[in-house]
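The values are calculated or read from the model by the stated rules, or taken from the named source; none is laboratory data. Because the structure is predicted, anything quoted here is derived from the model rather than measured. Virtual Cβ from ideal backbone geometry, glycine too; neighbours counted across all protein chains shown. Keep in mind that these areas ignore ligands, DNA and RNA; they rest on the heavy atoms of the full protein, side chains included. Shrake-Rupley method; radii C 1.70, N 1.55, O 1.52, S 1.80 Å.
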Amino acid sequence: MAGSKGKGNKKGKILIGVAEEVKTKDIAEKIRERLSFSSVVYDREVLFGLLNEGEVLEITEIKTEKTQKGIKTLYGRFSKDPQVIGLDFLEEQFEEAVKYLDLLYTLTPRDGRGIPLWLDIVDKDVKVTDDMVKALVETYIDRDIRERFFNPKRNKR
């Protein structure tokens, strides 16, 4: 996607990270004391079903490692699925990048998992399967090293 040039981005591309599994605990930690829950709760549980389809949430009050590194995060719900996705942006591109949210929403199947269809298509073609990893390990790593580091001791019984 073309757009304004950002710091460290010489080709003028807008970068948007899409995370299907939100594993942050920033919101959960902030409200933990008020709700007095003791188990580990992630932001995906806190936000589950909270957003309407097509809605995006920005939380500016919480400072995280990401924000300190110049990354802004939004949470969005782009399908009927009540689970949110994470959207990461370079801070210097944020204003330009949010203009693409309607496009991402349009490219997301309503009955899908909440991520744009083309990400599933690319993922299917580039994903390294367990069988591929096993073949690479067997081809390029010496057998003694494989036995020592990759085979659990229980397999030697």
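Within the listed set 60, 73, 129, the Gaussian network model of the chain (springs between alpha-carbon atoms below 10 Å) gives the highest mean-square fluctuation for 129. For residue 82, the shell of other residues with beta-carbons less than 15 Å away shows a net charge of -3, using +1 for Lys and Arg and -1 for Asp and Glu. Solvent-accessible area per residue in the chain equals 72 Å², computed with a 1.4 angstrom probe and all protein chains kept. Which of 135, 28, 19 moves most in a GNM of the chain, Cα contacts under 10 Å? Checking each option, the largest mean-square fluctuation is seen for 135.
Using a Gaussian network model of the chain in which every pair of alpha carbons under 10 angstrom is joined by a spring, one finds that among 92, 138, 29 the greatest mean-square fluctuation is at 138. Separation of the alpha carbons by more than 28 angstrom is noted, of 25/134; 30/72; 13/63; 23/99; 66/99, for 25/134.
Counted by Cβ distance under 11 Å from residue 120, the other residues give a net charge of 0, where Lys and Arg count +1 and Asp and Glu count -1.
Residue 128 exposes around 90 Å² of accessible area when a 1.4 Å probe is run over every protein chain in place.
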